[in-house]
Amino acid sequence: GQYPLAGAGWGATSDQIVLEPGDVISLAGFTSWDFYQDSGYGFHYFADSEGNMTHEYTAEAGTACNIKLIKGTKDSEYNSVFFDVPDYTVHYGTELYTEVGNVTTDSNGGASITFPTAGKWYLWVDGGYGNEYPDSIVSAPGYAEVTVTSAAPAPETPREAQDVSETLDATLAQLAATVTEPAFG
C-alpha cells in the first residue's frame, strides 16, 4: 500500500527498496501506458474490520465471514490513498483461481461469505478495466487467504435439577438395616 519515491521528481518505484520479512509485493500488468490517468486506477486489497489492509482472514465453518474490498492508489504527490470498492465481484475457492463461488461487494465494499468446510480458502478479485480508458486494464488483482476452522461444538444443555433426597434416605436406611458390620472397602 505504499508508493515509495525514488527521489524528488522521479515518482514512485520499487527498485530501490530493501524488503523486510512479511512485506507483500503487489504486481500488476496494465494494458495501456495511460493507466495512471484513469479514475479506476489502483491496486485491490482486502481490509480487516478496522479498514487496514490485510491478506489474511479467519472464519468458522458455517458462520458468516465479513470481508471488505479496498483499492489503493496515489494522489498527485504520491501519497497513498485508499477507498472502498463497491459492486465488485469477489471470487472464493479452496485453490487460488479455482472458483467455488462468488459474492458482489455492497456500497461500502463489504460482503459476507459463509465457508462450508474447514481448511484453507482463498479470496481474489480480478484487475479491472478503466473508466476513461474502458478497453484498458488499469487496476491490479488482489487476494487474501482465509483460515476456516471447524464449527465449535454446541454447548451441552444443562440438565434440570432433581430432588434425590428421598431415594438417598431410603438407600441409606436399607444399608443401615442390612449391613451389621460395615468395613472399609
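The values are calculated or read from the model by the stated rules, or taken from the named source; none is laboratory data. These figures come from a predicted structure and were not determined experimentally. Cβ coordinates were reconstructed from backbone atoms using ideal geometry, including for glycine residues, and neighbour counts include every protein chain displayed. The area values use the complete protein model at the heavy-atom level, side chains included, leaving out ligands, DNA and RNA. Shrake-Rupley method; radii C 1.70, N 1.55, O 1.52, S 1.80 Å.
Before moving on, here are some points about what is shown:
- Surface per residue (accessible, 1.4 Å probe) for the chain, Å²: 68
- Comparing Ser26, Ser76, Ser139 in a Gaussian network model of the chain (Cα springs below 10 Å), the most mobile by mean-square fluctuation is Ser76.
- Amide H within-cut-off set for Phe115, under 5 Å, with H built and near neighbours excluded: Gly62, Thr63, Cys65
- Sequence-distant residues sharing a close amide H with Thr31 (under 5 Å, placed H): Ile137
- For Tyr57, distant residues with modelled amide H under 5 Å away: Glu145, Val146, Thr147
- GNM top mover of Val24, Val103, Val90 - the chain, alpha-carbon springs below 10 Å: Val24
- Largest GNM mean-square fluctuation among Thr157, Thr104, Thr63, using the chain with Cα springs under 10 Å: Thr157.
- Acute angle (nearest 10 degrees) that the helix 165-178 long axis makes with the longest principal axis of the chain, alpha-carbon atoms: 40
- Low-density loop cleavage sites - GluC sites (Glu not before Pro) in segment 128-185, where at most 13 other Cβ are within 10 Å (DSSP): Glu132, Glu156, Glu160
- Each Lys or Arg adds one and each Asp or Glu subtracts one; over the other residues with Cβ under 13 Å from the Cβ of Ser136, this totals -4.
- In the chain, the portion of solvent-accessible area held by carbon and sulfur atoms comes to 52 percent [1.4 Å probe, whole percent, DNA, RNA and ligands not counted].
- The value obtained for segment 114-185, namely the Cα convex hull volume divided by the number of residues, is 184 Å³ per residue.
- Alpha carbon centroid spacing (whole Å) that separates segment 146-185 from segment 55-103: 53
- Sequentially through segment 61-66, phi angles give Karplus couplings (6.51, -1.76, 1.60; θ = phi - 60°) of 4, x, 10, 4, 10, 8 Hz, Gly and Pro residues having no value and appearing as x.
- Among [x] -0.36, -0.82, -1.02; [y] -0.46, -0.87, -1.04; [z] -0.29, -0.72, -0.93, the entry derived from the coordinates for log10 I(q)/I(0) by the Debye sum over Cα atoms at q = 0.09, 0.14, 0.16 Å⁻¹: [y]
- 222 nm mean residue ellipticity, helices alone, for the chain (DSSP H n ≥ 4; -39,500 (n - 2.57); rounded to 500): -2500 deg cm²/dmol
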